[in-house]
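Contents: one structure, followed by commentary.
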Amino acid sequence: MTTMLGLQLTGRRVLVVGGGPVAARRVQSLLADAARVVVVAPQLCEVLLDLHRWGLIEWRAREVAETDLDGAWLVHTATGDRSTDAAVLAWATERQTFCVDAGSGADGSARTPATSQQGDVLVGVVSTGPADPRRTIAVRDAVAAQLREGRIDLRHRRAHAGRVVLVGGGPGDVGLLTLAGRRALAEADVVVTDRLGPVAVLDELAPGVEIIDVGKTPGHHPVPQHEIGRILVEQAQRGRVVVRLKGGDPFVYGRGGEEVLACREADVPVEVIPGVSSAFAAPAAAGIPLTHRGTVGAVHVMNGHDGWSSAALTGLRDRSCTVVVLMGVSALATLAAQALDAGADPATPVALVEEGTLPGQRVTRARLDDVVDVAAAAGVRAPAVIVLGAVAAAGLLEPDRGDTAHTTSSSDDSAPVAVTMAT
């Protein structure tokens with residue numbers, strides 16, 4: 001029977017016999033565990049020579065002797081010579097020191113597992129029967145994929161220090177949530193969530209994970225920002241892993257900076273996992289390239305609530321950049337009037353992408369001087385991303401989508417067009 005143990009090798013002497021590629025792989029793994037590695041071999045491969053030159057290993061340039069095992073906590077033999085490996089194993093057995101025999105895993109008193117680490121979880125797979133490296137690697141990779149994708153409940157079961165993780169959830173489609181974000185959710189004791197972003201992923205959380213909804217709607221903020229910061233800090237101080245799941249990216253009009261500061265002021269550990277911003281994802285999902293060679297090569301992202309900046313107006317008026325407006329539906333009439341007053345071309349194409357990447361995604365297109373009326377007629381509602389500039393014109397880069405339904409207000413190609421993008 002094979003029993004799996006986790007060995008603490010930091011600062012402890014490990015003997016590796018052999019100087020070839022197999023020995024080099026073992027040495028690199030041992031160094032990653034901060035072991036004190038001694039290599040005994042007449043010659044070394046280039047990898048081991050470099051490690052020796054850098055002072056990371058001790059090298060005894062000769063054949064192995066029984067006394068080399070003195071003081072070793074663990075022995076790896078990988079000479080490729082059966083008689084030498086058998087002798088090293090016999091010496092180790094006499095000293096009651098575990099020995100990994102790379103040439104014959106079944107003969108050694110220890111086996112090296114196929115390992116994969118995700119965060120602070122290290123998974124190792126070994127065969128209890130005859131050594132079968134390809135099989136153990138296949139099993140390891142399958143388990144690692146589940147961990148990497150956040151498919152396994154990784155919550156701590158014993159008391160531990162609390163922390164906060166700000167996760168950028170992306171524009172809404174769960175498939176656009178990053179793997180790092182999914183792993184964070186797998187470790188979460190509590191999730192503080194908005195109404196936007198990949199809320200469907202909440203259904204995948206393990207039973208017992210607490211969900212706190214602090215979502216805001218236009219003109220209605222039931223949980224003010226300072227209260228959200230207090231919730232994050234209080235939950236973490238209770239020794240819980242707190243995931244703040246936010247739509248888009250935490251640092252792109254997500255007030256993530258304020259939440260990080262709240263945690264740091266309270267000495268609560270905090271980290272940020274970036275997300276796919278709707279400023280870029282929604283136009284892409286609608287087939288709108290924000291930059292396009294020969295058309296425009298710069299992008300300006302702005303908050304509709306803040307109004308136009310001089311840089312954004314200059315870019316729009318000069319047609320030197322695409323302007324992307326977040327949270328701008330309620331301010332559309334003001335933004336359009338100000339742009340026209342500032343000298344923007346009335347024929348500037350505008351596209352409004354509602355519910356980008358979600359099943360209800362819809363794109364409404366119009367000229368700048370008509371966009372307010374067209375949006376009102378189409379019933380455009382938040383959340384929506386507004387794109388202004390040449391790239392917003394219909395036909396520049398139409399996606400090849402068989403399930404796309406087109407509805408137009410006129411047969412004239414120059415007239416305002418409302419396009420429904422069924423995902």
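Coordinate-derived values only; no laboratory data. None of the values given here were measured: they were computed from a predicted structure. For neighbour counting, all protein chains shown are included, and Cβ atoms are generated from backbone atoms with ideal geometry for every residue, glycine included.
Does anyone have the angle between helix 332-341 and the longest principal axis of the chain? Alpha-carbon axes, 0 to 90°, nearest 10?
Between helix and principal axis, roughly 70 degrees.
Take the alpha-carbon centre of region 80-102, take the same for region 315-346, and report the distance between them in whole Å.
Region 80-102 and region 315-346 have Cα centres spaced 75 Å from each other.
Springs between alpha-carbon pairs under 10 angstrom, Gaussian network model over the chain: which of Glu58, Glu234, Glu355 fluctuates most?
Of Glu58, Glu234, Glu355, the most mobile in the Gaussian network model is Glu58.
Just add up the charged neighbours of Val164: K/R +1, D/E -1, any other residue whose Cβ is under 9 Å from the Cβ of Val164.
Here the count lands on 0.
Which angle between 0 and 90 degrees, to the nearest 10, do you get for helix 21-32 versus the longest principal axis of the chain when only C-alpha atoms count?
70
Taking 0.36 nm per residue of separation and subtracting the Cα-Cα distance, what length does fully extending His156 through Ser310 add?
That works out to 50.4 nm of additional length.
So what does the Cα-only Debye profile of region 13-112 read at q = 0.14, 0.24 Å⁻¹, as log10 I(q)/I(0), no solvent term?
Ignoring solvent entirely, the Cα scatterers give -0.42, -1.35.
Quick one: angle between helix 133-148 and the longest Cα principal axis of the chain, in degrees between 0 and 90, rounded to 10, please.
40
At Glu94 and Asp213, where each label point lies 7 Å from the Cα along Cα→Cβ, what is the point-to-point distance in nanometres?
Modelled inter-label distance: 7.3 nm.
Mind jotting down the distance between the C-alpha centroids of region 250-281 and region 127-146, whole Å?
Value for the Cα centre distance between the two parts: 38 Å.
Hey, in the GNM for the chain with a 10 angstrom Cα cutoff, which one of Leu89, Leu176, Leu196 fluctuates hardest?
Leu89
Roughly how many nanometres apart are two label points built 7 Å out from the Cα toward the Cβ at Leu7 and Ala142?
Each label point is offset 7 Å from its Cα along the Cβ direction, giving 2.8 nm.
Which entry in (1) 145; (2) 154; (3) 208 is this structure's computed volume of the Cα convex hull per residue in Å³?
(3)
Highest GNM mean-square fluctuation, the chain, Cα pairs closer than 10 Å: which of Val380, Val241, Val40?
Per the Cα network of the chain with a 10 Å cutoff, Val40 tops the list.
Return the long-range amide H neighbours of Val241 (sequence gap of 5 or more, or a different chain), with a cut-off of under 5 Å between placed amide H atoms.
Amide H neighbours of Val241: Arg163, Asp189, Val190.
For region 163-276, what is the charge dipole size about the Cα centre, in debye to the nearest 20, if Lys and Arg each add +1 at the Cβ and Asp and Glu each add -1 at the Cβ?
80
At R0 = 60 Å, how high is the FRET efficiency between Ala390 and Glu149 if r is their beta carbon distance? Nearest 0.05 is fine.
Here the calculated transfer efficiency is 0.95.
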